[in-house]
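Inspection log for the structure reproduced underneath, given as structure tokens.
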Amino acid sequence: MKYTLKQMINRTGLFTTLIVGALLSNTQYTFAQAESPKEDDFFKIMKVPAPEGTILEVGGLCTLPNGTLAVTTRRGDIFMVENPTGQHPYFRKFASGLHEVLGAAWKDGALYVVQRGELTKLQDTNMDGKADVFETIYAWPLSGNYHEYSFGPKLAPDGSFFVTLNLGFPDDWWHPRSFVPYRGWALNIKEDGTVTPWAAGFRSPCGISMIDGELWYSDNQGDWVGSGSIMKIEKGAFMGHPSSLVWTSLPNSPLKLTPEQFFAKNNPRIEFDKDGRPFKPQDIVNEKFRTEFEVKKEIPELTLPTVWLPHGILGISNSEIVKIPEDAFGPFAGQLLVCDQGQSMVDRIFLEKVNGQYQGAAWAFRSGFQSGIVRLAWLPDGSLAAGETNRGWGSAGEATMGLQRLVWNNKVPFEMRAIRAMPDGFEIEFTKPVDKKVAEDIASYSVESYIYKYQAVYGSPPVNTEKCPIVGVKVSEDGLKARLIVNNLRRYYIHTITLDGMRDKENYFNLVHPTAYYTLNNIPEGQKLSMVGVSTLNSAKMVKTATTADGKKGALAKGAGAKALAMANAVPTYDEVKPLLLKNTCLSCHNANKRQVGPAYVDVAKKKYSVNELVQLIHNPKPEHWPDYSTPMPPMPQVPKDEARKIALWIKSLAK
């Protein structure tokens, strides 16, 4: 006889069911369950077809008041796309011959764009559908370095513009530099060309955004940036990367922190050159790591991430941030979406203010786009335009470029809608009522926390990970909220909140995205939850007790040394090595079977390196071995040798 899992629970109770599942998993009993819906069942990705031969390496998107979508490209073209949500959109070339246009804004009947070296105003004065007046509002210096990208403009409430300027990347590109003013800065520019340096410390600030009149941005992992994140930009702030501090001595700088002061306060025992590069990168690895919140005690100007976006999980090249309008995407209206170039995906963020500061939770939202997403724009029908490119930096989506739309079909997914910090844990709000028997079981939840290093080497693995025991849960009467009492909350840490066991009441479906990442910059003050009405049931402990009651301690095996050696040389499976690849961010750039930012692991295996050679190449790559790849791999000395060896054993096994 077959029962659905929900029917079994209703007949026997949760505890009995879990015991049966644990003890009789190899019997003839089967528990049929309908497959839970996925992202595609709620949010469809649709292509915006462009005329054949159009090179649409999108750099900027801007929706005009009449619903036309302005599309700027890295090749210097600007298109006005009329009827962008229809089956037959019309592409009209508005301008061409510009230099790498990576953003656009509309103001008072004119289009403002950022080229590599200037903020430009374009007007169509004779109304023929093409720009005929090109006016330079302000031009900034260029050194000629290939990586001096410029982003924006974003329109401020007072009508002025904000732009952000990428650092230059020298030959050792994992230590970018500010060759000319104001690389690594955000600038405020008025219509008359008046410029005010606004904030410093940016690395690769592609994600400049204006949210409710406040300036935000996302940055990419690299030196001094342990992982991607979003941050609010205040005037005079230092966003974390020291290379741009070389210009704080200029008279109009709102920030007075100098490079010498930064390095003296941050890591006085390590020697850096004048550009902030450690003379001995291994010294950084050997040094006891410091976090950004620890350094902030010495450098109060340092801005901490508002919400971390864990590297390799919620992207590797985070880009534009947009706010969901009130009439779009159903239960998620008012929240933020962040696109990612490298993983061709969109993340979702719920923000709240605690003690006057923003913090919040992040989830994956929609993956599977055809190319790397760098720009987002809302369209009149409530769909979201995604502008894409992957030239020079690979992406999970294999197309080289494109324009797509994300369309909601008005069906509500079973998701965590929001997570709010509490004095003694978290409150989780759902989009649909939960099954209370499951939701009142502590085993349905898990919480742990970790942080990233703040260091001069490229990126950081998650460090200082600790479990956060859950001691109780209280589910609201309507089933839409679960209040967790959690021990070991740690301020400033990323708290990974996983609800693998959660089910909705109506269909007993899983959550579409069962894992959230909450950045706990502040723990709220106030009354802690009374234990009255709080469930302390933990079926996992009951199952463990039941299955180990008759167990006996085994004797130590003989030949432990030989067994340890055999284990050290045992070739792991992909499932066994995948956690190490994720932890050390390897999957951000590599895939087992296909080319991504870097070569596929099967192609690495074809080189017939020894295990020791592979370990050395993980710690100190040789980009000259891969001349067909434009993005060289940075040194990864922080990968522990035992983990590097396991990864190397697995890679070498692929040659067979």
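The values are calculated or read from the model by the stated rules, or taken from the named source; none is laboratory data. Values in this document were obtained by computation on a predicted structure and should not be read as measured data. Here the Cβ positions follow ideal geometry from the backbone for every residue, glycine too, while neighbour counts run over all protein chains shown. Side chains included, ligands, DNA and RNA excluded: accessible areas come from the protein's heavy atoms. Shrake-Rupley method; radii C 1.70, N 1.55, O 1.52, S 1.80 Å.
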* When ranked by the protection proxy of mean other Cβ atoms within 10 Å per residue, highest first, what sequence do the peptides 598-608, 399-409 form? -> 399-409, 598-608
* Alpha-carbon centroids, segment 476-538 and segment 614-656: separation in whole Å -> 39
* To do: Positive end of the charge dipole of the chain (Lys, Arg +1 and Asp, Glu -1 on Cβ, about the Cα centre): tell me which of PHE238, TYR90, GLY397 has its Cα farthest that way.
  => GLY397
* To do: Output the Cα-based Rg and Dmax of segment 471-547 in Å, rounding Rg to one decimal and Dmax to a whole number.
  => 14.6, 41
* List the aspartates and glutamates whose Cα lies under 14 Å from the Cα of LYS541, skipping any in the same chain that are fewer than 8 positions away. => ASP441
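Name the GluC sites (Glu not before Pro) in segment 465-528 that are in a loop by DSSP and that have at most 14 other C-beta atoms within 10 Å, would you?
GLU477, GLU506, GLU525
Calculate the tail of P(r) for segment 125-221: the fraction of all Cα-Cα distances greater than 23 Å, expressed in %. Don't jump to the answer; show the numbers that get you there.
Numbers: 1482 of 4656 pairs.
Cα-Cα pairs in segment 125-221 separated by more than 23 Å: 32 percent.
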* Asked: Carbon and sulfur atoms: what percent of the 1.4 Å accessible area of segment 404-479 do they account for?
  -> 48
* Table column - 3J(HN,Hα) (Hz), segment 421-438, Karplus curve with 6.51, -1.76, 1.60, x for Gly and Pro -> 6, 10, x, 10, x, 9, 10, 9, 9, 10, 7, 9, x, 8, 6, 5, 4, 6
* To do: Would you list which aspartates and glutamates come within 17 Å of LYS323, measuring only between C-alpha atoms, while excluding same-chain residues fewer than 8 positions from it?
  => ASP212, GLU214, ASP340, ASP347, GLU352, ASP381
* Structure fact -> From the Cα centre of segment 299-334 to that of segment 424-456, the distance in Å is 19
* Structure fact -> Excluding ligands, DNA and RNA, the carbon-plus-sulfur percentage of the accessible area of segment 174-271 with a 1.4 Å probe reads 53
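Helix-only mean residue ellipticity at 222 nm, the chain, DSSP H runs n ≥ 4 weighted -39,500 (n - 2.57), per residue, nearest 500. What is it? Before the final figure, lay out the partial values.
Working: 12 runs with 98 residues, N = 656.
Rounded to the nearest 500, the figure is -4000 deg cm²/dmol.
If the only charges are +1 at each Lys and Arg Cβ and -1 at each Asp and Glu Cβ, what is the size of the charge dipole of the chain around the Cα centre, to the nearest 20 debye?
Details: 73 positive and 69 negative charges, 502 e Å.
So the magnitude is around 2400 debye.
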* **Pairs from LYS44/LYS154; LYS353/LYS583; LYS38/LYS436; LYS190/LYS235; LYS578/LYS622; LYS436/LYS474 whose Cα-Cα separation, in the structure shown, is over 19 Å** => LYS44/LYS154; LYS353/LYS583; LYS38/LYS436; LYS578/LYS622
* Check MET345: other-chain or 5+ apart residues with amide H under 5 Å from its amide H, H built from backbone geometry? -> ASP340, ILE373
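Per residue, how much accessible area does the chain show when a 1.4 Å probe rolls over the protein heavy atoms, in square angstrom?
Numbers: 28350 Å² over 656 residues.
Averaged over the residues of the chain, the accessible area is 43 Å².
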